[in-house]
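Colleague: Structure below; questions to follow.
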Amino acid sequence: GTLVNMGSVVSHLPAPFMGSYAASKHGLEGFSKTLDHELQGSGLRSILIRAGFMRSDIGANTSFASGDQGHSPEEASVKQSVEAALAKADDPDVVAQAVFRACIEGNAAPVIDAGREARMLARLSTFLPRRIFAKALRKQFGLSP
């Protein structure tokens with residue numbers, strides 16, 4: 001059997017004003033990878049699906065702060081960037097397909113990046129120098145360098 005955990009690219013990439021979410025996904029990633037090692041030889045697998053933004057209503061359920069008053073300009077910029085990213089994000093079907101493939105492939109990787117954004121960010125964070133990647137990430141969220 002296969003245990004599938006739903007992770008996020010923020011488990012390994014900084015996401016301004018999303019620290020609690022990032023911390024929970026980072027913990028889930030560590031748990032899932034460790035569990036996969038512990039289950040080796042039992043016929044069970046633990047696989048983590050890491051997704052980027054998906055077209056969904058998650059933005060309507062996200063709270064950056066109570067009301068618009070008190071938001072810093074940086075926080076407001078991140079909120080707008082997230083809303084824009086959600087509007088043009090992948091369809092959630094790409095995650096469903098990744099889950100399906102993970103369950104039927106006997107040798108699936110312990111971590112699967114689902115969707116174009118997750119795959120692109122994984123590659124960029126691996127190959128770009130950290131300083132350049134951080135600058136590009138801040139630009140994506142509308143933050144000063």
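Colleague: Could you give me the residue pairs with C-beta distances under 8 Å whose first residue belongs to segment 5-32 and is part of a strand (DSSP E or B), whose second residue is open to solvent by 70 Å² or more (accessible area, probe 1.4 Å) wherever it lies, and which are 6+ apart or on separate chains?
Modeller: Cβ pairs passing all conditions: 5/31; 8/21.
Colleague: Right, something else. Do you know which of the residues in segment 127-137 that are without any contact (Cβ under 8 Å) to a residue 60 or more places away in the chain and in a helix (DSSP H, G or I) is least open to solvent (accessible area, probe 1.4 Å)?
Modeller: Our first condition is that a residue be without any contact (Cβ under 8 Å) to a residue 60 or more places away in the chain; within segment 127-137, this holds for 127-133, 135-136.
Applying the additional criterion that residues be in a helix (DSSP H, G or I) yields 127, 130-133, 135-136.
Details: 127: 167, 130: 206, 131: 187, 132: 82, 133: 23, 135: 128, 136: 55 Å².
Of everything passing the filter in segment 127-137, 133 is least open to solvent (accessible area, probe 1.4 Å).
Colleague: Same structure again: Condition test on residue 73, is it within 13 Å of the chain's Cα centre (by Cα), at pLDDT below 80 and under 29 Å from residue 136 (Cβ atoms)? Please lay out each step first, then the result.
Modeller: Details: within 13 Å of the chain's Cα centre (by Cα): no; at pLDDT below 80: yes; under 29 Å from residue 136 (Cβ atoms): yes.
Considered against the rule, which asks whether it is within 13 Å of the chain's Cα centre (by Cα), at pLDDT below 80 and under 29 Å from residue 136 (Cβ atoms), residue 73 comes out as no.
Colleague: Continuing with this model, one more query. Filter segment 104-121 down to residues that are part of a helix (DSSP H, G or I) and either of a type in the set (Lys, Arg) or exposed (fewer than 15 other Cβ atoms within 10 Å of the Cβ) (or both), then give me how many there are. Can you show your working first?
Modeller: At the first step, the residues of segment 104-121 found to be part of a helix (DSSP H, G or I) are 104, 116-121.
Cutting the leftovers down to either of a type in the set (Lys, Arg) or exposed (fewer than 15 other Cβ atoms within 10 Å of the Cβ) (or both) gives us 104, 116, 119-120.
Of the residues in segment 104-121, 4 are part of a helix (DSSP H, G or I) and either of a type in the set (Lys, Arg) or exposed (fewer than 15 other Cβ atoms within 10 Å of the Cβ) (or both).
Colleague: Could you list, in sequence order, all residues of segment 1-17 that are of a type in the set (Ser, Thr, Tyr) and modelled with pLDDT of 90 or more? Walk me through it before giving the result.
Modeller: Of the residues in segment 1-17, the ones of a type in the set (Ser, Thr, Tyr) are 2, 8, 11.
Of everything in segment 1-17, those that are of a type in the set (Ser, Thr, Tyr) and modelled with pLDDT of 90 or more turn out to be 2, 8.
Colleague: Quick check, is residue 124 open to solvent by less than 40 Å² (accessible area, probe 1.4 Å) and within 19 Å of residue 141 (Cα to Cα)? Spell out how you get there, then give the answer.
Modeller: Details: open to solvent by less than 40 Å² (accessible area, probe 1.4 Å): no; within 19 Å of residue 141 (Cα to Cα): yes.
No; evaluated as a whole, the condition is false for this residue.
Colleague: Pull up segment 87-103, narrow it to residues that are open to solvent by less than 30 Å² (accessible area, probe 1.4 Å), within 25 Å of residue 44 (Cα to Cα) and small (Gly, Ala, Ser), then point me to the one that is modelled with the highest pLDDT.
Modeller: Within segment 87-103, the subset open to solvent by less than 30 Å² (accessible area, probe 1.4 Å) is 89-90, 95, 98, 102.
Now narrow it down to the ones that are within 25 Å of residue 44 (Cα to Cα): 95, 98, 102.
Then drop every residue that is not small (Gly, Ala, Ser), which leaves 98, 102.
On the way: 98: 94, 102: 91.
Looking at residues that are open to solvent by less than 30 Å² (accessible area, probe 1.4 Å), within 25 Å of residue 44 (Cα to Cα) and small (Gly, Ala, Ser), I get 98.
Colleague: Okay, moving on. Kindly indicate the residue of segment 18-42 that is small (Gly, Ala, Ser) and open to solvent by 60 Å² or more (accessible area, probe 1.4 Å) and also modelled with the lowest pLDDT among those meeting that condition. Spell out the reasoning first.
Modeller: Start the filter on segment 18-42 by keeping residues that are small (Gly, Ala, Ser), which leaves 19-20, 22-24, 27, 30, 32, 41-42.
Filter once more, so that each one left must be open to solvent by 60 Å² or more (accessible area, probe 1.4 Å): 20, 23-24, 41-42.
Details: 20: 87, 23: 92, 24: 94, 41: 92, 42: 94.
The extreme case among them is 20.
The values are calculated or read from the model by the stated rules, or taken from the named source; none is laboratory data. Note that the structure is a prediction, hence the values are computed from the model and not measured. Every residue, glycine among them, receives a Cβ derived from its backbone with ideal geometry; neighbour counts consider all protein chains shown. Only protein heavy atoms, including side chains, enter the accessible area calculation; ligands, DNA and RNA are left aside. Shrake-Rupley method; radii C 1.70, N 1.55, O 1.52, S 1.80 Å.
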